C-alpha cells in the first residue's frame, strides 16, 4: 500500500493493522549521536493509549514500544530506527457482523472499492490504532528538536463539540483526560461526555498544536511550504476534516491592516499568520488548529448497503471513542514534530552556510 511514508530527509514509514500481531514504524534520517531510550518514546505513547479514562475506548493496550534497530550504546547511529508495538487486546469477533456491510461515514466502502476487499477487524489499516507508531516517531523528533534548536511542541483541546475551551494555562493540559488547558471547564466536559456516551452518539472536536522557539527559515517556496506540508501531515490523521494555520478560515473576514503581522525592532506585534510567511517559518510560534469529525462507529442505527448493494441498517458494536479528538493531542504534536524536523534537516542541508546580515526579529511582542 502506497502512502505510508511521511517526510523526505526525516522519513517515517508506518506498518501494521488494528488487529494484527503488531504495529510499528521505521524512522529513517535521525542524525547520529543523540541519546535515546525506549522511555523517551513511552511517555508520549502513554498519553495517547486507550483505556485511560471512561471517556475513551476501553481497549486495554500497554502500547509498549520496542526499539529494534538504530541504536548502539544508547545513542542513535544514523541508521533506520525500527519501532514495534505489539497488539495485546484485540476482539475481532466484535466486527464479524460488518464484514459484508459498510458502516456509514467510515472507510469500509472506499477501501473495498479501491482494493477489492478489506480487513474489517477494528478498521484494519484505516484504524486510529495506527497513530501509536506515529506518536513514537514524533517523540524522537520532539527530542531532537528540543536538543538542537530548543523547539518545544505541545497541544491542547480547544473545543469539544459546541463547548469552547478557553485557554488558561499549559500546566492544566496534563491534569485532565481531555488535554484541556482550563481546569474550571473539566466538570462540564465530563458531564457532556457522560450524557453523550449514554445516548450512543458521538461528537467532533477542535485541537490546537503549537511549536515554540521556532528557527527562522524552515520551509520551501511553493509546493514544499512549511504550512503546506503541515496541512498534508495533519490531514493524514484519522478523522481530521479541517486544518487551519494561524487564523485560518477567519482571514476571509479580516482587513489587510488587521491581518498583517507588523514588525518592530522589539518583535512582531501579532501572529495572525501562525508563524509562516510565504511558506517559510518566521520565528514566531507555529500555530495549527485541527477539526476532527464525530466518530463514525456508533451504536445508533444508520442506513447503508451490504456487499451485494442491498439496503440495510447498521449498528456498530465494539469499543470505540465517542470523541476521537480526546486522544488526538499527542498525535498532532507528533505529526508537527515530524514535519518540523524534516524541514530543519532540509534547511540545514540547503541553507546551512547562508550568512544573514539582517538580525532576527523576536517573536510576537508581549
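The values are calculated or read from the model by the stated rules, or taken from the named source; none is laboratory data. Predicted, not measured: the structure shown is a model, and the values here were computed from it. A quick note on method: Cβ atoms are made from the backbone with ideal geometry, for glycine too, and the neighbour counts reach across all protein chains shown.
Please verify whether the range 334-343 includes one or more residues that are farther than 24 Å from residue 106 by Cα and free of Cβ contacts under 8 Å to residues at least 24 places away in the same chain. Among the residues of the range 334-343, not one is farther than 24 Å from residue 106 by Cα and free of Cβ contacts under 8 Å to residues at least 24 places away in the same chain, which makes the answer no. For the range 333-364, which residues satisfy the criterion of being in a helix (DSSP H, G or I) and surrounded by fewer than 23 Cβ atoms within 10 Å (Cβ to Cβ)? Scanning the range 333-364 gives 345, 346, 347, 348, 349, 350, 351. Just one of the listed residues (29, 20) is modelled with pLDDT under 95 and surrounded by 14 or more Cβ atoms within 10 Å (Cβ to Cβ), and it is 20. Step by step: first the residues of the range 304-327, then only those that are in contact with a strand residue (DSSP E or B) (Cβ under 9 Å, 6 or more places away or on another chain) and free of Cβ contacts under 8 Å to residues at least 60 places away in the same chain, then the one that is farthest from residue 192 (Cα to Cα). Which residue is that? Out of the qualifying residues, it is 311.
In the set 237, 263, 269, 226, only one residue is under 25 Å from residue 358 (Cβ atoms), touching a residue at least 60 places away in the same chain (Cβ under 8 Å) and in contact with a helix residue (DSSP H, G or I) (Cβ under 7 Å, 6 or more places away or on another chain); that residue is 226.
State yes or no: is residue 298 farther than 21 Å from residue 153 by Cβ, more than 15 Å from the chain's Cα centre (by Cα) and assigned to a strand (DSSP E or B)? The answer is no for residue 298. Number of residues in the range 283-309 that are modelled with pLDDT of 90 or more and under 24 Å from residue 120 (Cα atoms) equals 3.
Taking the conditions (1) in contact with a helix residue (DSSP H, G or I) (Cβ under 9 Å, 6 or more places away or on another chain); (2) crowded, with 18+ Cβ neighbours inside 10 Å; (3) under 30 Å from residue 190 (Cα atoms) in turn, residue 325 satisfies each one other than (1).
Only one entry of 330, 362 meets the criterion of being over 30 Å from residue 293 (Cα atoms) and in contact with a strand residue (DSSP E or B) (Cβ under 9 Å, 6 or more places away or on another chain), and that entry is 362.
This table checks each residue for (1) crowded, with 17+ Cβ neighbours inside 10 Å; (2) part of a helix (DSSP H, G or I); (3) touching a strand residue (DSSP E or B) at 6+ places or on another chain (Cβ under 9 Å).
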| residue | (1), (2), (3) |
| --- | --- |
| 211 | yes, no, yes |
| 214 | yes, no, yes |
| 219 | yes, no, yes |
| 231 | yes, yes, yes |
| 234 | yes, yes, yes |
| 242 | no, no, yes |
| 270 | no, no, yes |
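Of the residues making up the range 99-124, those that are modelled with pLDDT of 70 or more and either closer than 21 Å to residue 46 by Cβ or assigned to a helix (DSSP H, G or I) (or both) are 108, 109, 110, 111, 112, 113, 114, 115.
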